[in-house]
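Following: one structure in structure tokens, then a few remarks.
The values are calculated or read from the model by the stated rules, or taken from the named source; none is laboratory data. Keep in mind that this is a model prediction, so the values were computed, not measured. Cβ sites come from the backbone with ideal geometry, for glycine too, and all protein chains shown count toward neighbours. Side chains included, ligands, DNA and RNA excluded: accessible areas come from the protein's heavy atoms. Shrake-Rupley method; radii C 1.70, N 1.55, O 1.52, S 1.80 Å.
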Amino acid sequence: MKKLIALILAAMFVFAVASCGNEPAQSTPTESTPAESTPEASEPEESTPEGPEPEESTPETTNPEESTKEPDPPVIVELPEAYVDFDFRNGTITDAKGHVTIENRGATVVEATVTAGGKSASLDALRIDESGSYVLCTFGEMGTDAAVKEWAEGGFAVEAFYVMGEKKGVQGIVCGTEQVNSTKLRGGWGIAENAGKPYFITATSGNAYISANTTAESASSETELVHVVAVYDYAAKKQYLYVNGVCVNSAGETISGEFAPAGAEAFNKFCLGSDYRETAKVTETTPIDFPTPDMTMVDAKIYSSVLSAEQVKAAYENALALLD
């Protein structure tokens, strides 16, 4: 009986051990949870549809190349500082640079309505309404004709923005030429009109005036402002005339000989609205040469340097901007 009990106990012990040995097998599914996470591991496959985004943005990758071709920035043309800059404000005529002294001989400063380039504005302007009226100007820093000659041969330019209401013969705009009575020698420089045609004139040491090829082909307007620039390029032996930003003689006119200042007391003088007249020739009826009976001027400048074609165009655009 005891043996039987012992055998039963031994069998129960073996069964218990066998049952404990099976527990790891039952827990295998728990330890294999990575197998259950397999769907998470395949997320890259689920995100595959998002992968083509670079292909969709391909057109955008070409846009940067196109966008790099931005419009060229506007070219800014700088003008040299004016040596003389006339100011017609507050009822007076002054040189903003202080290089010339001014004597007003009958001209007035008024508010005038002017037009140019399709624009219209009311501006302070120099007004000359009779032949005997003009403005006499004297270079204060050039006390000898040699100083004027040196200045001119360094290159200079003259700018005027004006309208002549009456056209007849020769009329001065910004002018300082003179033929001395006693010597008959010619000298000086100037912008004037002949029968309404703007022209640039200079004198040479050969006792001659040069202006034939620096004369406009047609007369300026009697109602609209005209912009005239004369350029004296002694280094290149050329002089030019521009009307409303366009050169009337693209090849230039050849300067022959040295620059010749006006003689006697006229060497450093010029006028607005006429041409200077030697004192010895002044009479009560003809106090000046080439009088201008009807002129309105809104701007005038003199530069102590040559202006390029691009700079002249910029000066013209600046002049039109005065009417904005």
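Key figures
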item	result
Shape of segment 103-239, Cα gyration tensor, a/c cut at 1.5	prolate
Sites Glu153 and Glu70, calculated FRET efficiency, Cβ-Cβ separation with R0 41 Å, nearest 0.05	0.40
Label-point gap, in nm, between Lys184 and Thr204 - each point 7 angstrom along Cα→Cβ	2.0 nm
At R0 = 22 Å, FRET efficiency that the Cβ-Cβ distance of Glu111 and Lys167 yields, to 0.05	0.35
Within segment 117-191: Cβ-based charge dipole about Cα centre, in debye rounded to nearest 20 (Lys, Arg +1; Asp, Glu -1)	320 debye
Selection of GluC sites (Glu not before Pro), segment 179-227, meeting DSSP coil and at most 13 other Cβ within 10 Å	Glu217, Glu222
Farthest toward positive dipole pole in segment 164-210 [+1 Lys/Arg, -1 Asp/Glu at C-beta], among Gly188, Gly206, Gly176	Gly206
Added length on full extension, which subtracts the Cα-Cα distance from 0.36 nm per residue, Asn318 to Ala146	58.6 nm
Heavy-atom accessible area ranking, 1.4 Å probe, most first, across His227, His99	His99, His227
Estimated vicinal HN-Hα couplings, Hz - segment 212-224 in sequence order (Karplus 6.51, -1.76, 1.60; Gly, Pro = x)	4, 9, 10, 10, 5, 7, 10, 6, 6, 5, 8, 10, 10
Cα-projected label distance for Thr279 with Glu130, points at 7 Å along beta-carbon direction, nm	2.5 nm
Sparse-neighbour loop sites [GluC sites (Glu not before Pro); segment 69-111; at most 16 other C-beta within 10 Å; DSSP]	Glu78, Glu81
Dipole magnitude of segment 237-293, debye to nearest 20 (Cβ charges: Lys/Arg +1, Asp/Glu -1, about Cα centre)	200 debye
Thr92-Thr138 FRET efficiency (beta carbon distance; Förster radius 25 Å; 0.05 resolution)	0.90
